[in-house]
Structures are given as C-alpha cells and as structure tokens.
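These notes are about the structure you will find just below.
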Amino acid sequence: MTVQPLSALPSIEAWLAAEPRAEYASEAPFAEVMIDAITLADPRPYTYKVPEPWRGRLLPGMAVLVPFGPKRGVAGYVTALCDTPPEDHALREIEEVVSGDVMPPALRRLFMWMAEETMAPLSAVLGTAMPRGTLARVKRSVHLAVSQETFEGLARSFHGPAAAIARVLLTAGGACSLTRLQTAARQSSRVLSEWRARGLIRYHATLECQEQREKVQLHAIATPGAFEPLSERQAEIVAYLQRAGGVMGLAELARAMGTSAGTLRTVARKGAIAIRPMPVRRSAVGRASGETPPALTRTQASVLETIAEGPGVDLLLGVTGSGKTEVYLRAIAEALARGQGAIVLVPEIALTPQTVRRFQGRFGDLVAVLHSHLGDGERFDEWQRIRDGSARVVVGARSAVFAPVSDLGLIVIDEEHESSYKQDKSPRYHARTVALARARLEGATVILGSATPSLESYTAALEGRYKLLEMPERVAERPLPPVEVVDMRVELEAGNRSLFSRALGGALEAAIARGEQAILLLNRRGYSSFVFCRQCGYVCRCTRCAVALTYHANPTHLRCHYCDQRQEMPETCPECKGPYIRHFGAGTQQIEEATAKLLPNARLVRVDRDTTTRKGSHQELLDAFGRGDYDVLIGTQMVAKGLDFPRVTLVGVMAADGALHLPDFRASERTFQLLTQVAGRAGRGDLESRVVIQTYSPTHPAIVASRAHDFKAFYEQEAVDRRETLYPPFVGLVSVLFAGADLSMTMRAAEQFAGGLQHEKTWQVFGPVQAPLAMLRGLHRMMVILKVPEWQGVRATLRQALGPAQRPGVRSAVDIDPQSML
C-alpha cells in the first residue's frame, strides 16, 4: 500500500469535474421533500408527486409548497428526485414550486457535494445546515392570468361570493394576497379553484422570512408638539426619554425611571409620548465597545502580506499568545474593504462569547454569531441578518461554516486541529473539509490557525498544498511559560497520596498568596470516574452502554455520560452484598473539593458540562473569572484553549495520562495538543508564570514535546509512527459501524459487509470486531475499519457492499476520515 500523504480534500476536484450532478434535473415523477417549519419527531423526507409542468425542471434544494396533514401550503425542500414511489402509499402532489432561490447557488452545490462526500441523504445535510423555519412564511398571492379587460367582462355575470372576490381583485389591479381574497367572502377557496381551473388566475409564492418570526416589543416614542400639562415626575420621564434619543423599550424605560407601565400609559394619554410595537433583534451576544487595533509586529505584518496574495489555504502555525487573532481581524478587515464577507470558526461554544466581543469591538454590528446553544429565535434572526447582508462577519462553532454569507472572501478556522469540528452523527462532516470545499467553490481564502496543527494539515503544508506561515514568538516578546513535569510515581513512593503533587500544591498556595490566578485542568467531569467493590471486583455499569457509571456528588448519584442514565449510589455491593464498595478516580468535582481543602480562603469556580447547562452560563462564569471574582478556575478541556486571562500565572494539569492510552491512534496527538494549549493559558500578561503537569508517563513523547513547547519535534516522531503503521495522513481511513438490539443479527450484517470488500486487493479490511464502546443506548456495536490507498471510487464501493448487508433492526453508519475510534 502507498504511504504518500492523501489530499485533505479528496473529492471536490473530481466532483467539480462532473459538476452536472450538482444541478441535475430529471423527468422523475416523484420528489422527496423535507418539511421545513414543522417540528418532527422523525426528521425525514416525505414523497410527493411532481406536477407535470415541473418534470425535468425541478432541482434538489428547491423550495416547494406541499400539503402536510390537514394543512396546505407548507414549506419544504426537495431533497431528491425518484422514479419509484414508496409502496402502499397514496401520494399527494406538490402544490407550488416557490419562485426565487432559497439558498445561494454556491451553498446548494456545497450541500449536494457534502451529501456525496459524507454518504448521507441530502435531507440530513439540509437539516444540519439550515435552521428550522428558514423558509418560515410563504406569502401566496393571486394574479390574473388574462387581461384585466377580459376579466372585467366576465365579472359582470358573477354573483354572490364570486362577485365580491372579483371586486377586490380588480380594485387591487389584478393581483393581491391570497389572504385578502379569502377574507373578502365565504367559499373563496371553491371560487378560486374554479377560476384557476378555467385559466383565469394563477398563484404566485414568495418567501417572507423576517415578518413571520420577528420579535416585537412595545416602545415609548417621544412626540413633538403640544400636549397636556405633565406632573414633575412625568416631565422627568419625558426628558429622560428625549436624552436617550427619543425611542426606548417600554419596559426598559420603566426600569430606568423606577416607574410602572401604567404611569407611562398616562403620559401617553397626555400626548407627550406614543407607545408603539416595534421589531427588536434577539441578540445572541451583548454589545462590545470599540477597540483601537494594536500595532502589528513585524511577523504579523509579513504573514498578512502572504495571506493577501490571493485565494488558497494558509496554515498559520503560531505559538500560544503570538497574536493569531489579530491576524484574523486584519485579514477580515481587508476582506470587508474589498466588499467581501468572512466566517470565523471556533472549536468550543465556551470560546464564542469572548471571541465575538473581540470581533464586535472591531466590526460592530457587522458581526453575527451562530452556534447550537442559541435559542431558535436568536438563531433565526442571526441567519436572516447574514442572508440579507446586514451582517458580514460570522463567528460561531462548527455549523457556522454553512452561514449564507454572500461574496465570501475568507474563512478562518481557529484551533483547526480540534476534533469538535467533526460531527459525530449523520451527516458526519468535518467543518475544516467543508470549509475547504466551500472556499474552492466560491474562490475564498482559508486560514487554518493553531499552535498545534493536525498532522493532516501540517503534512499538507510540508507537501506544498497549503502555504505554511509561522509565528514562533509571543507578542511583546513574552516568553512561553516554563513547564515542570512531575512523575506521580515518585510522589507515591514519597508517601504523597494527595491529588496534588508537592510542586503543584506549593505553587498553588504561592500564586494565591500573591493575589494571582490559576487554572486546573482535568478532562473528566463528575466526582469519581467509577464505583468499584474491593471485595469481589464488581463495577457499577450502565445497563444500556458498555461503560462504568460516573459518581457525582451534590446531589449524590451515578450517571452515564453517554445516555444520561442515573442510579443511586449503592450502600453495599449489589453483587456480593459486601460493604467495600467505593468510588475511585478523580473528576472535576473531586478536584474542586480537594482544592477547597488545600486553599480554604480561595474563591473557586468549576467550568464543565455539569455547571454550564443553563444558557449563557459559559459566558457568565468565564467573565466572572476574568473580572477577578474567582482565584482558581477548575475545568475540563473547555478551559484549555482560546481563553486570555492576563492574571493567570499558574496552570496545573492534574492527570496528563487521561487520554494518552485510549485505543485511538490519535491519542498521543490529542494529549500533546491539549497539554500545549492549556499551558498557553499561562503567561499572557506581564507576570512570571509556570505550568505543572502531573503524569505517570513522564517519558512519553507527547509529554516530553509538550514540556519543550516543541510541535515540530512531536510531529517528526508521530509522522514516523503513522507512516510505519499506515494511519492518516498517509492512508485514507473509513470506519463503518453496525448497531442493533440483536447481537447476532448485527454481527451477520457486519460480516456480510466485510465479505463484500474482499475483492479490493489494495484495501486493508479489519474486522468486524466489537467497537471499543461495545454497547451504546441499548444497541450492540460492531465495527469494520478500512484503510484505503486513495479516495477515488471508495464511496461507490462502500455503497455496493452495504446494500446486501442490510438487516432488519440493524443501523449502519459510514464515517469517512473518522476523528474518534470509539
């Protein structure tokens, strides 16, 4: 098998060469339609008949109106055209094909490429990329299909409802909204259907997204001119409103003046103010004050000159604190000056508020934000602002790569190495790959930024497929913090059984005594990682997943972090009834408790999934830490990257081995990246700082390289190992997972699939074997792992082998270039 690096974007060039597939239309008489605004428990497409005039003209991705249940005129997307309808179904016909493009052509082409790339149905792609309610409201109007003179002549013979409807239509000049005609007289539907059948009228549909779901609030508006005499208090209210610009939300004005809505209505009755409903934007983030751009370093200026050379892919390798964000901001400013838009992706939702404030400070209301923690209304409003062009810079997590930015000039992927950019359900897309494809389709530039790039991206840069831009020093010549690696085996031999090594415990006490801040990282939430009986060896496990339950305190319970099953902590062993059942392994809750004992006067805050379930809680906790309300921040990988707190002088990694020995070929790379990123949170200001890493594997290459902040040394060793063992980026990797409630049926499906690939002599086929997570949510899981020398033809071969392998009750999932082997 070849060991040459594969292209990071395996199929876009070949797909573009066969571009007609992206815009195909056929004479197929049936179409699959994904309903847009109706919330479905099973978001799947429904099959409809294609109207005769639209056969050969209807395209996937087009918006249509369909009957759905008792409703008519429901909006949806065409996801596929087909020649054969489902069996035993009485199909209904598409009512209308909506005029105008629902999505820009480049996005439609991107979605269709993505469906082929990920081997997912287009309906799944659209469901991921387009927020529900994007069509929101379809405005239907009625137009005369004959001349007005002809219709006037016919109308003289109309009586009753028909005459009333005709008068309204003629008064409106031969075209008006369907709603207006329906209110003109009873039986309007029957009359209009008859007229349509006679060819007298035609329907026209347009999209009106903003009106349907915009949020409206009552506002107070100062009115000029004379009004009745006001009391002293009422005059103060009016004066305050005028100083505020003359318009303010009614509730906001009442709060500001310490008064009631009733008082404001009294002022309105006297004519001094008017109270009117006005649309308001559901803001996803707060407002940020403007900022003055800092002077560029020589390195930043040089990097920006290279980025400005034109479309392509730039890998920005910059150490933590080197000023990569400022490079992004300047590159975006240049794109905006050219009339282009930009998308900025960040890996963690926790980073989004801090990043958005930085970008808002530079670009104001041109910035929109998109991520999964937004409310439906907020997401919809942001989507509309982007689509209508009032927002030109989009900041968000993975799905923001689909933002409908017109004239897209730049896509920035910060911390491009992060596995969170890969979606773990259908469609299993990687935002980095989608960004590369979108940039290729729209002629945009992509900046991949990281202090620890993925092996795939760095290899592509070394091969000359990306431009490699380096920023090896921190801004203001600040040094990278020194890293101390503590061998916890030595600590045990010395009799220290605390969670803190002597070095880390002493450093914590000293930092807090100086009034400085610290961050403690443990990438495991909960109190303890498992509950174990020391008498018989029993482990409390989830009944639906093949994992040990995690012990949580406050309140005490056991929880599965995959399916959220919960159990009470047993007082005695359920197996042997012995009393020696205890929890083992530390989680963030236990670290918080131990830190409180070590530093009884310190103010602690914990940031993990358990403390950030409420909307906006990420931002609130991190803002409070940034203000100095807390001394020690304890968290999972949420606190390891992107955050900038100048008063943090100590970073402690509680257990560097947590992910080091997982059954995943990327375990070493992930550990190095996490350690390097969290170490970079220290020393962002002018104070001296240090990093302490606790580990039982101090000589592991990932630990040694992170101690020296040496990405290139790590890459060289890891690339040798990957090449010898045939793993990406030197081969293509595919994971095919089979899951079912019946283990034997699941095994037979996996075996049938693997057997169907035996003719592929250049492929390596491993399995089927039990997945490392052998059961999840009650389903047995079997895996087949494939190593392929090139991507060409892989998807067609997989589809051919999957067909005969289908079994009732067994699901299959294909993951091209998987980021997790669990």
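The values are calculated or read from the model by the stated rules, or taken from the named source; none is laboratory data. Computed from a predicted structure; not experimentally measured. In this analysis, Cβ positions are derived from the backbone assuming ideal geometry, glycine residues included, and neighbour counts consider all displayed protein chains. The protein model used for the area step is the full one, side chains on, heavy atoms only, and it has no ligands, DNA or RNA in it. Shrake-Rupley method; radii C 1.70, N 1.55, O 1.52, S 1.80 Å.
Note on LYS615: accessible area approximately 110 square angstrom, rounded to 10, probe 1.4 Å, nucleic acids and ligands left out. For region 387-535, the fraction of C-alpha pairs more than 28 angstrom apart is 49%. Shape class for region 659-722: prolate, because the ratio a/c of the largest to smallest gyration tensor axis (alpha-carbon atoms, square roots of eigenvalues) is 1.5 or more and a/b beats b/c.
Excluding ligands, DNA and RNA, the accessible surface per residue across region 670-795 is 41 Å² with a 1.4 Å probe. Charges on Cβ only, +1 for Lys and Arg, -1 for Asp and Glu, centred on the Cα centroid of the chain; of VAL412, TYR240, ILE581, which one is farthest towards the dipole's positive end? After comparing all options, I get TYR240. Counting only protein heavy atoms and using a 1.4 Å probe, the accessible area of PHE711 comes to about 20 Å².
Quick one: of LYS422/LYS787; LYS425/LYS467; LYS467/LYS787; LYS615/LYS712; LYS597/LYS712, which pairs are farther than 30 Å apart, Cα to Cα? Before the final figure, lay out the partial values.
Values: LYS422/LYS787 19 Å; LYS425/LYS467 32 Å; LYS467/LYS787 28 Å; LYS615/LYS712 39 Å; LYS597/LYS712 40 Å.
Table pairs above 30 Å Cα-Cα are LYS425/LYS467; LYS615/LYS712; LYS597/LYS712.
Taking 8 Å as the Cα distance limit and 6 or more residues as the minimum spacing, I'd like the relative contact order of region 680-747 as a percentage. Please report the intermediate quantities before stating the final value.
Working: 22 pairs, mean separation 8.0, N = 68.
The normalised contact order for region 680-747 reaches 12 percent.
Annotation: average projected area of region 494-543 is 5.9 square nanometres, based on the convex hull of Cα atoms across all directions. Report which label in (1) 0.98; (2) 1.27; (3) 1.10 holds the value of Cα Rg over 2.2 N^0.38 Å derived from the coordinates of this structure. Computed from these coordinates, Cα Rg over 2.2 N^0.38 Å corresponds to label (3).
When the chain is described by a simple charge dipole with +1 on each Lys and Arg Cβ and -1 on each Asp and Glu Cβ, the residue from VAL303, ALA451, ALA771 located farthest towards its positive end is ALA771.
Per the 1.4 Å probe, what fraction of the accessible area of the chain, in percent, lies on carbon and sulfur atoms?
The value for the chain is 50 percent carbon and sulfur by accessible area.
Database remark: amide H of VAL412 closer than 5 angstrom to the amide H of ILE343, VAL344, LEU345, ILE447 (H placed geometrically; neighbours at sequence offset of 5 or more, or on other chains; Pro and chain starts carry no H). Less than 5 angstrom separates the built amide H of GLY312 from those of THR445, VAL446, all sequence-distant by 5 or more or on a different chain.
Rounded if a/c is under 1.5, else prolate if a/b is larger than b/c, else oblate: which is region 289-444, with a ≥ b ≥ c the root eigenvalues of its Cα gyration tensor? Here region 289-444 falls in the rounded category.
Rounded, prolate or oblate for region 714-822? Axes are the square roots of the Cα gyration tensor eigenvalues, ordered a ≥ b ≥ c, and the cut-off for rounded is a/c under 1.5.
Values: a/c = 2.56, a/b = 1.50, b/c = 1.71.
Oblate.
Within the set of other residues whose C-beta is less than 10 Å from the C-beta of ARG670, count the net charge using Lys and Arg as +1 and Asp and Glu as -1.
Working: positive: ARG666; negative: GLU418, ASP664, GLU669.
Net of charged neighbours comes to -2.
Summarising the overall dimensions of region 626-774 from its C-alpha atoms, the Rg and Dmax are 20.9, 64 angstrom.
A dipole drawn for the chain from +1 and -1 charges on Cβ atoms has a positive end, and of ALA400, THR671, VAL483 the residue lying farthest that way is ALA400.
What is the dipole size for the chain, taken about its Cα centre, with +1 at each Lys and Arg Cβ and -1 at each Asp and Glu Cβ, in debye to the nearest 20? Write out the running numbers ahead of the final one.
Details: 96 positive and 87 negative charges, 476 e Å.
Dipole of the chain, to the nearest 20 debye: 2280 debye.
Mean separation of Cα pairs under 8 Å and 6 or more residues apart, divided by the residue count, gives region 214-260 a relative contact order of 52 percent. With the convex hull drawn around the C-alpha atoms of region 530-648, the volume per residue stands at 130 Å³.
Remark: relative contact order (the chain) = 11 percent; criterion is Cα-Cα distance under 8 angstrom and separation of 6 or more residues. The lysines within cross-link reach of LYS139, meaning a Cα-to-Cα straight distance under 24 Å and a gap of 8 or more places when in the same chain, are LYS49, LYS71, LYS215.
Relative to one another, the C-alpha centroids of region 571-644 and region 219-259 are positioned 47 Å apart.
Rounded to the nearest 20 debye, the dipole size of region 658-782 about its Cα centre is 220 debye, using +1 on the Cβ of Lys and Arg and -1 on the Cβ of Asp and Glu.
What value, in deg cm²/dmol to 500, does the helix sum -39500 (n - 2.57) over DSSP H runs of n ≥ 4 give at 222 nm once divided by the residues of the chain?
Numbers: 26 runs with 266 residues, N = 822.
After summing the helix terms and dividing by the residues of the chain, the value is -9500 deg cm²/dmol.
Taking TYR429, TYR630 and ordering them by how much accessible surface each has at a 1.4 Å probe, largest first, produces TYR630, TYR429.
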